[in-house]
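Below is one structure, written out as structure tokens; the observations come after it.
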Number of protein chains: 2
Amino acid sequence: MARGDAFDVVGFDADDTLWRSEDDFLAAEAMFAELVGPYAPDGIDVLDALHAIERDNVAVSGYGVKAFALSMIQAAVTATRGAVPSAVIGRLVDHAHDMLMQPVELLDGVPETLAAVGRTHRLVLITKGDLVHQLRKVRTSGLEHHFEHIEVVLEKDVATYRSILREWQIDPARFVFVGNSVRSDVLPVVELGGAGLHVEYHVTWEHEVVDDHDGGFVELGSITDVPGWLAGS
Amino acid sequence: MARGDAFDVVGFDADDTLWRSEDDFLAAEAMFAELVGPYAPDGIDVLDALHAIERDNVAVSGYGVKAFALSMIQAAVTATRGAVPSAVIGRLVDHAHDMLMQPVELLDGVPETLAAVGRTHRLVLITKGDLVHQLRKVRTSGLEHHFEHIEVVLEKDVATYRSILREWQIDPARFVFVGNSVRSDVLPVVELGGAGLHVEYHVTWEHEVVDDHDGGFVELGSITDVPGWLAGS
């Protein structure tokens with residue numbers, strides 16, 4: 001009996017699992033530091049200020065590009081004591097809009113993997129972040145047709161997965177979730193009795209497959225290993 | 001036989017149907033005009049500029065406070081050719097965060113109406129806008145327990161209602177939707193074969209009940225008229 005026979009539905013995370021995302025935020029931070037840094041007094045680390053403001057704001061404004069942009073603007077004003085010219089702030093806003101419109105860059109092997117897994121299992125997508133941006137990425141990626149359900153959520157915790165799986169009438173014990181975050185994609189699903197497959201974002205970094213002791217939490221080197229894992233025993 | 005016997009589920013819009021929302025955007029626009037206007041050259045209408053930028057951005061950044069805030073900041077920079085001080089922009093960002101955290105102000109009679117309708121029908125909530133903000137308002141309003149399902153969507157059009165009702169296994173012919181927007185809350189639901197109840201936002205403005213010719217689109221003077229409409233024949 002194949003391992004996959006124990007599961008009805010395979011769920012996927014999106015950012016940094018199906019397509020690149022974090023790289024764009026790092027590039028935006030570098031631009032922020034370059035544009036805003038010169039206006040900050042000596043001894044102010046503008047990136048530290050940005051990160052602290054982001055952490056403070058996440059409960060209010062959530063995850064995603066728009067929340068990040070508002071934090072960048074707030075940090076630009078406060079870290080420079082208002083010395084940053086508003087033209088610089090205009091560039092930060094323009095950059096955020098560019099991020100929202102940027103073409104999706106799929107990670108290697110993603111379409112083939114979804115097609116292969118879709119031949120044996122029903123697929124769903126659960127992702128955190130900005131509603132309009134995430135749905136735009138799903139639509140423009142050309143991957144939308146693979147998924148029976150797509151949900152953008154605020155937090156990927158046990159309560160969220162429980163409520164979504166109940167709504168979709170999916171038995172958590174027959175559910176596998178694939179994603180790049182141990183905290184958001186793997187542990188909550190395992191706690192609910194499902195299986196979690198962790199795929200490191202830097203796909204070239206690690207190619208070995210290591211089962212951990214809990215039995216539900218599996219390390220895969222690449223998303224392209226998912227069909228093989230399901231076919232294995 | 002009561003009219004309500006023809007329906008299984010009653011859906012509600014949220015902003016300006018259950019709680020005040022538009023007023024806050026109008027207040028923010030007034031603040032924007034007051035703070036930014038003095039830095040614009042003669043002959044520039046900063047509110048016109050803001051509205052045009054908002055319309056341009058909606059496909060990219062969606063509805064809601066964060067998208068509105070980014071449009072305000074963009075308009076402040078472009079309409080003043082960069083002359084607006086960044087401290088003013090800092091105040092716009094702070095105001096947007098205040099809007100996200102502002103206590104929910106329920107419209108008159110909402111809790112009683114949901115309790116009354118909930119005794120005879122299953123309730124759902126479908127709202128457009130910012131995910132984190134809308135879910136925060138639902139949670140902090142104390143109304144969440146009334147709803148079997150809650151969905152935040154990008155657009156309230158026929159395709160969206162069709163897909164949500166299918167997902168929730170609700171027969172559109174046995175579905176009523178209540179909201180303040182004819183375009184988003186009433187017409188798409190009527191087109192799917194359900195009933196739409198339009199409740200004008202200015203609740204004191206019009207209290208008469210007028211059935212329109214289509215039979216599905218009904219004008220109510222207040223949300224508190226919903227239980228009576230369902231009980232009528």
### Query
Restricting the search to region B:92-119, which residues are more than 8 Å from chain A (Cβ to nearest Cβ) and without any contact (Cβ under 8 Å) to a residue 60 or more places away in the chain?
B:98, B:103, B:111, B:115, B:118, B:119
### Query
Do the conditions hold for residue A:43, that is, is it part of a helix (DSSP H, G or I), free of Cβ contacts under 8 Å to residues at least 12 places away in the same chain and surrounded by fewer than 19 Cβ atoms within 10 Å (Cβ to Cβ)?
no
#### Entry: All positions within region B:141-175 that are under 19 Å from residue B:109 (Cβ atoms) and in contact (Cβ under 8 Å) with a residue 12 or more places away in the chain
B:141, B:142, B:143, B:146, B:147
### Message
Kindly evaluate residue B:148 against the criterion of being in a strand (DSSP E or B) and within 14 Å of another protein chain (Cβ to nearest Cβ).
### Response
yes
### Message
Could you tell me how many of the residues in region B:167-176 are at pLDDT below 95 and charged (D, E, K, R)?
### Response
1
### Task
Could you list all residues from region B:141-167 that are exposed (fewer than 15 other Cβ atoms within 10 Å of the Cβ) and of a type in the set (S, T, N, Q)?
B:163
### Message
Could you tell me how many of the residues in region A:155-179 are of a type in the set (A, V, I, L, M, F, W, C), more than 14 Å from chain B (Cβ to nearest Cβ) and touching a Pro at 6+ places or on another chain (Cβ under 7 Å)?
### Response
1
### Residue among A:127, A:80 that alone is at pLDDT 95 or above and assigned by TED's automatic domain parsing to the domain that holds residue A:177
A:127
#### Entry: Lone qualifier among A:189, A:138, A:178, A:132 - being surrounded by 15 or more Cβ atoms within 10 Å (Cβ to Cβ), assigned to a strand (DSSP E or B), in contact (Cβ under 8 Å) with a residue 12 or more places away in the chain and within 18 Å of the chain's Cα centre (by Cα)
A:178
### Task
Kindly establish whether residue B:15 is touching a Ser or Thr at 6+ places or on another chain (Cβ under 6 Å), in the same structural domain as residue B:146 (by TED's automatic domain parsing) and either under 30 Å from residue B:173 (Cα atoms) or surrounded by fewer than 19 Cβ atoms within 10 Å (Cβ to Cβ) (or both).
yes
### Task
Take the residues in region B:1-24 that are without any contact (Cβ under 8 Å) to a residue 60 or more places away in the chain and assigned to a helix (DSSP H, G or I), then tell me which one is nearest to residue B:111 (Cα to Cα).
B:23
### Message
Condition first: over 20 Å from residue A:180 (Cβ atoms), among the basic types (Lys, Arg) and at pLDDT below 95. Can you find one or more residues in region A:3-14 that meet it?
### Response
yes
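Condition check ((1) more than 17 Å from residue A:92 (Cα to Cα); (2) of a type in the set (A, V, I, L, M)) across all residues:
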| site | (1), (2) |
| --- | --- |
| B:76 | no, yes |
| B:86 | no, no |
| B:105 | yes, no |
| B:113 | yes, no |
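For every residue, the table says whether it meets (1) part of a loop (DSSP other than H, G, I, E, B); (2) in contact (Cβ under 8 Å) with a residue 40 or more places away in the chain; (3) more than 27 Å from residue A:39 (Cα to Cα).
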{"site": "B:27", "(1), (2), (3)": "no, no, yes"}
{"site": "B:32", "(1), (2), (3)": "no, yes, no"}
{"site": "B:53", "(1), (2), (3)": "no, no, yes"}
{"site": "B:59", "(1), (2), (3)": "no, no, yes"}
{"site": "B:67", "(1), (2), (3)": "no, yes, no"}
{"site": "B:73", "(1), (2), (3)": "no, no, no"}
{"site": "B:82", "(1), (2), (3)": "yes, no, no"}
{"site": "B:90", "(1), (2), (3)": "no, no, no"}
### Message
The conditions are (1) within 14 Å of chain B (Cβ to nearest Cβ); (2) closer than 24 Å to residue A:151 by Cβ; (3) of a type outside the set (D, E, K, R), and residue A:18 fails exactly one of them. Which is it?
### Response
(1)
## Note on the structure
Counting only residues in region B:59-75 that are aliphatic (A, V, I, L, M) and at the interface with another protein chain (Cβ under 7 Å from one of its Cβ atoms), the one farthest from the chain's Cα centre (by Cα) is identified as B:73
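The values are calculated or read from the model by the stated rules, or taken from the named source; none is laboratory data. All of these numbers come straight from a predicted model, not from anything done at the bench. Reconstructed Cβ throughout: ideal geometry from the backbone, glycine too, with neighbour counts over all protein chains shown.
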